[in-house]
Each structure stands twice: as structure tokens, then as C-alpha cells.
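Report on the following structure.
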Amino acid sequence: MRVSPQKARLVLDLIRGRRVEEARNTLAFTKKRVAATVAKLLQSALDNANFLSGEKGLDVDIDNLYVKHAAANDGPRMKRVRPAPMGRAYRYVRRIAHLEIVLAEKNKNGVEPVAHTVGEETKAAAPAKPKAKAKAKAPAKKKAVGKKATAKK
């Protein structure tokens with residue numbers, strides 16, 4: 001979205017950890033421009049969970065969903081130039097945010113995730129590499145400071 005990530009994080013902090021219905025109500029009454037886009041993103045995540053329960057056959061209770069993860073990361077920056085006095089030009093940056101919302105289902109006995117992000121899957125699947133031992137070097141000796149030569153005329 002064409003908004004700075006810092007401004008988007010202000011809205012995402014309001015809904016993180018809340019139930020979906022409560023988060024939708026919060027976004028409806030938030031007076032920030034990015035709140036409408038976050039509400040559309042939340043609705044899309046809810047529709048994806050509904051699709052999983054209906055079409056894919058996964059047992060997902062829509063009423064028990066909550067916002068597990070909400071993040072706004074930096075996207076590419078657009079560098080622009082604004083005319084300035086006396087023939088100069090001022091540069092400014094238009095920021096872009098990548099918004100991400102993950103929903104999960106709360107059960108009475110614990111928390112069962114509905115969907116995983118790609119980053120979580122790759123971290124769990126990658127085997128741990130043993131760390132190689134680095135050879136210890138002796139500390140370098142300092143060179144003696146010599147006298148300055150006098151200038152010849």
C-alpha cells in the first residue's frame with residue numbers, strides 16, 4: 001500500500017491479538033486513512049479461512065478466529081524531486097508498506113494455527129548447520145611512531 005510502514009503499524013497494533021469481529025469493529029471506527037485498507041485485508045484473510053473450511057475440508061470455526069500476526073514491512077521506495085527556490089531541487093521519498101495479517105483459531109485446549117507464513121515453514125524445515133571453529137590469531141603488534149623529518153628549504 002502507498003503509505004509509510006510506521007503509519008500502518010499504528011493501526012495494526014490496535015488489532016493484533018484480538019478476535020476477528022472485535023478487530024473489524026475497531027478498524028471501522030479508526031480515523032486513519034490506512035484503516036480502510038487494513039479492513040479489506042482482514043476481510044480477505046477471513047474469506048481465505050472460510051474457503052479453507054468450505055472447499056478444502058479443513059475444520060475451521062470462523063467464530064474462534066483471532067489476529068495472530070499483523071505486520072507492516074518496508075517496500076520499495078519511490079524517489080521524487082520537488083522544485084525548490086533559485087533553480088534548486090529537493091529530493092523526497094515516497095514510502096510503500098507491505099501489509100501482512102495471519103489468522104489463527106483459538107480452541108479451549110490451546111491455539112491451533114490456520115495458516116503458516118512462508119518464513120515460518122522455511123525456518124522449521126532447514127536443518128541446523130554446525131558452526132565451524134575459527135582459528136585464534138595473536139593480536140597484531142602496534143608499530144612504533146617514528147620522528148617527523150624536518151622540512152628542507
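The values are calculated or read from the model by the stated rules, or taken from the named source; none is laboratory data. This one's a predicted model, so the numbers in the text were calculated from it and none came from an experiment. Reconstructed Cβ throughout: ideal geometry from the backbone, glycine too, with neighbour counts over all protein chains shown.
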statement: Pairing a residue in the stretch 34-61 that is at pLDDT 85 or above with any residue that is part of a helix (DSSP H, G or I) and not aliphatic (A, V, I, L, M), where Cβ atoms lie under 9 Å and the two sit 6 or more apart in sequence or on different chains, gives Val34/Lys7; Ala35/Thr26; Ala39/Arg24; Leu42/Arg24; Gln43/Arg24; Leu46/Arg24
- line: Reported set for the stretch 32-58 where residues are closer than 24 Å to Gly75 by Cβ and in a loop (DSSP other than H, G, I, E, B) is Lys32, Arg33
statement: Expected output for the stretch 1-24 (first residue farther than 13 Å from Gly75 by Cβ, partner of a type in the set (Phe, Trp, Tyr) and buried (at least 17 other Cβ atoms within 10 Å of the Cβ), Cβ below 7 Å, 6+ apart or cross-chain) is Gly17/Tyr66; Arg18/Tyr66; Arg19/Tyr66; Val20/Tyr66
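I'm trying to understand the selection: among the residues of the stretch 67-89, which are in a strand (DSSP E or B) and under 14 Å from Glu100 (Cα atoms)?
Applying the first criterion (in a strand (DSSP E or B)) to the stretch 67-89 yields 67-74, 78-83, 89.
Those that are in a strand (DSSP E or B) and under 14 Å from Glu100 (Cα atoms): Val67, Lys68, His69, Ala70, Ala71, Ala72, Asn73, Asp74.
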